[in-house]
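Working notes, structure below.
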Amino acid sequence: MINKAVHYNAWADLQSKEFAAVVSSFQQLLQMMQCPNTDCGEFLCVSPIKGDKEVLRCSCGAVSLNLVPKKN
Ligand SMILES: [Zn+2]
């Protein structure tokens, strides 16, 4: 396992403030794509992997976004 705290601190030390802002935004984006259930914490995946994409979800099922447009 990579120690995330050590990793991010190294970035902050090496890069400019502007780039740190980009990293911060990117981390927020990643958090939006991550399951809020702390027991899970998985990144959301499109399911099924093959065929038509129907849902964006994690494996615990706390997040499940329908990708199929509603038919009128
Ligand atoms: Zn989950």
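The values are calculated or read from the model by the stated rules, or taken from the named source; none is laboratory data. Computed from a prediction, not measured in an experiment: that's the story for all the values here. Glycine also receives a Cβ, built like all others from the backbone with ideal geometry; neighbour counts cover every protein chain displayed. Protein only, heavy atoms only, side chains kept; ligands, DNA and RNA dropped before computing areas. Shrake-Rupley method; radii C 1.70, N 1.55, O 1.52, S 1.80 Å.
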> Limited to the range 26-53, what total is found for residues that are closer than 26 Å to P69 by Cα, open to solvent by 50 Å² or more (accessible area, probe 1.4 Å) and within 14 Å of the ligand (Cβ to nearest atom)?
Replying inline: 8
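Could we say that C60 is assigned to a loop (DSSP other than H, G, I, E, B), within 14 Å of the ligand (Cβ to nearest atom) and open to solvent by 50 Å² or more (accessible area, probe 1.4 Å) here?
Answer is yes for this residue.
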>> Yes or no: the range 10-17 includes at least one residue that is under 18 Å from the mean Cα position of the chain (by Cα) and either modelled with pLDDT of 90 or more or surrounded by 10 or more Cβ atoms within 10 Å (Cβ to Cβ) (or both).
In response: no
